[in-house]
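Have a look at the structure below, then the notes.
The values are calculated or read from the model by the stated rules, or taken from the named source; none is laboratory data. In this text, all values refer to a predicted model and were calculated from it rather than measured experimentally. Cβ atoms come from the backbone with ideal geometry, glycine included; neighbour counts cover every protein chain shown.
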Amino acid sequence: MESLNGGRYAEYKLPLESAAGTFDLETAVCSHGFFMTAPNQWDPLSKSFQRPLRVSDSSSSVTVQISQPPQSSHLILRVFDSVDLSPLQLQSLMEQVRRMLRLSETEEKNMRGFQEMYGEAKTSGFGRIFRSPTLFEDMVKCILFCNCQWSRTLSMSRALCELQLELQGPTPVTKLAPKTPTKKESTRRKTKSQEKLRHSKSTFEADETIKTDSCDTSINTHESNSEKTELPFMGNFPNPEELAGLDVNFLGKRCNLGYRASRILGLAQGVVEGRINLKKLEKDCGGETSLSTYTMLNEQLGEINGFGPFTSANVLMCVGFYHVIPSDSETLRHLNQVHGKKSTIKNIKQDIEMIYGKYAPYQFLVYWSEIWSFYEERFGKMSELPNTHYKLITAANMRCKNDKARKRSKRENEPQNKSNGLVA
């Protein structure tokens, strides 16, 4: 975990309310590949989570660190970069944290129902799937998951966050695809951005005013002298407004997105222009996860370029639908290796129904708890891995030695969507 060096921060309490008896921060965060993607940072030593979050609807961000005191009914939020949060801004930060950790009455009800049906999850505490603070970030990351190695997914996500920092810089980033920078130019650009961070930090430290708010939270001012590490060279995940005006070729080359650049740009422009209403899409769910609601939302997503059945199913999982398992090559591997099936792209739906149909409407949660347990058997506990090891968690490294020795299945038996190892 990296945090601001010697800076000041404001501390707030986020009540866990109905989740107080069941919630565990480590289990809630380290439950899906999303937690490994930039700008998310999990610290295995302090068991705390950190990332930038936007202040209300503003383009500015603050760094938020989340921790859970032992045997407490609340989380601790340390907010760096700003000491003058209005009640509305603080409420916005709280809502983003609740969304990431699924701290809502609906999600708590779903988790309890799932654990009652699937006893193994109750023992492990599994039941919350970590997600992003916004649906837009979820959707973009679902695009980044498709048809590539996990290491590239991680690098693309990080590149988008680095680009966001550049877009916020004093010199606007060109909208045309630039030449590939030399090593000297890259170092100069990085140095300028780091100088900007240091300037922001010194301004922040100079302001000793802390204003309390009318929310039911407590606030304290602290000096983080005990944490002598530096903020990483990374911004927040870009929002639609920051991406919509970029040139598609520049975006693709700058972040190594390939064909994904046009899909991400199209999504961002659709949101900015009002053709895609993500707030309405998420609100239409309203905690109702029936098949009819799923079908309606799936049709809406299908109208957006780049959101086929696999990507849409992953997005809807983020919204809260657990009765559909997005199937890809990783699903085939799991069914064949763990359940002893001989699944192919032609019969995978029947095999999924045969194994997980009895767990409706929580099929995905059962499937994913199996997947996650399998990963941890191979690589160790995910929450204890250093972030330098994240790129090693690929489908190739999940096969047994005997599996690696076998020849790959014929192309016609492979699904169109090839997994990178950490998504359904």
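For segment 32-88, the candidate set comprises residues that are under 29 Å from W368 (Cα atoms) and among the basic types (K, R); within that set, the residue that is surrounded by the fewest Cβ atoms within 10 Å (Cβ to Cβ) is K47. The residue that is surrounded by the fewest Cβ atoms within 10 Å (Cβ to Cβ), counting only those in segment 116-132 that are at pLDDT below 95 and of a type in the set (S, T, N, Q), is T123.
Could you please let me know if G125 is within 21 Å of the chain's Cα centre (by Cα) and more than 25 Å from K141 (Cα to Cα)? It is true that G125 is within 21 Å of the chain's Cα centre (by Cα) and more than 25 Å from K141 (Cα to Cα). Per this entry, F80 is counted among residues that are in contact with a Leu (Cβ under 7 Å, 6 or more places away or on another chain), touching a residue at least 12 places away in the same chain (Cβ under 8 Å) and farther than 26 Å from E282 by Cβ. Residues that are surrounded by fewer than 19 Cβ atoms within 10 Å (Cβ to Cβ), more than 25 Å from P240 (Cα to Cα) and touching a strand residue (DSSP E or B) at 6+ places or on another chain (Cβ under 6 Å) do not occur anywhere in segment 102-111.
Could you please let me know if L135 is aliphatic (A, V, I, L, M) and either over 12 Å from the mean Cα position of the chain (by Cα) or crowded, with 20+ Cβ neighbours inside 10 Å (or both)?
Answer is no for this residue.
Scan segment 66-86 for residues that are part of a loop (DSSP other than H, G, I, E, B), hydrophobic (A, V, I, L, M, F, W, C) and at pLDDT 95 or above and the total you get is 0. Return the total of residues in segment 298-349 being among the β-branched types (V, I, T) and under 21 Å from S132 (Cα atoms). Of the residues in that region, 6 qualify.
Of all residues in segment 31-63, those that are closer than 21 Å to Q149 by Cβ and of a type in the set (A, V, I, L, M) total 2.
Let's see how each residue does on (1) of a type outside the set (S, T, N, Q); (2) farther than 17 Å from F34 by Cα:
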| position | (1), (2) |
| --- | --- |
| S290 | no, yes |
| M296 | yes, yes |
| E299 | yes, yes |
| E303 | yes, yes |
| F307 | yes, yes |
| Y322 | yes, no |
| S329 | no, yes |
| R333 | yes, yes |
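When segment 55-65 is filtered for residues that are in a strand (DSSP E or B), at pLDDT below 95 and not hydroxyl-bearing (S, T, Y), only V62 remains.
Would it be correct to say that S312 is within 28 Å of A396 (Cβ to Cβ), within 20 Å of the chain's Cα centre (by Cα) and free of Cβ contacts under 8 Å to residues at least 60 places away in the same chain?
yes
Kindly provide the set of residues from segment 231-269 that are of a type in the set (G, A, S), buried (at least 17 other Cβ atoms within 10 Å of the Cβ) and part of a helix (DSSP H, G or I), ordered by number. The answer is A244, G252, A261, G266, A268. Just one of (1) surrounded by fewer than 20 Cβ atoms within 10 Å (Cβ to Cβ); (2) farther than 30 Å from V272 by Cα; (3) in contact (Cβ under 8 Å) with a residue 60 or more places away in the chain fails for R98. It is (2). When you check K141 against the structure, is it free of Cβ contacts under 8 Å to residues at least 24 places away in the same chain and either surrounded by fewer than 19 Cβ atoms within 10 Å (Cβ to Cβ) or closer than 29 Å to I276 by Cα (or both), yes or no? Spelling it out, it is not the case that K141 is free of Cβ contacts under 8 Å to residues at least 24 places away in the same chain and either surrounded by fewer than 19 Cβ atoms within 10 Å (Cβ to Cβ) or closer than 29 Å to I276 by Cα (or both). Using the structure shown, decide if T27 is crowded, with 21+ Cβ neighbours inside 10 Å, at pLDDT 95 or above and of a type in the set (V, I, T). No: the conditions fail for T27.
Every residue, every condition in (1) surrounded by 22 or more Cβ atoms within 10 Å (Cβ to Cβ); (2) assigned to a helix (DSSP H, G or I); (3) modelled with pLDDT of 95 or more, yes or no:
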| position | (1), (2), (3) |
| --- | --- |
| I304 | no, no, yes |
| Y322 | yes, no, no |
| R333 | no, yes, no |
| Q337 | no, yes, no |
| K346 | no, no, no |
| Q350 | no, yes, yes |
| P361 | no, no, no |
| Y367 | yes, yes, yes |
| Y375 | no, yes, no |
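Can you tell me which residue among Q89, Q115, Q96 is in contact with a helix residue (DSSP H, G or I) (Cβ under 6 Å, 6 or more places away or on another chain) and assigned to a helix (DSSP H, G or I)?
Q115
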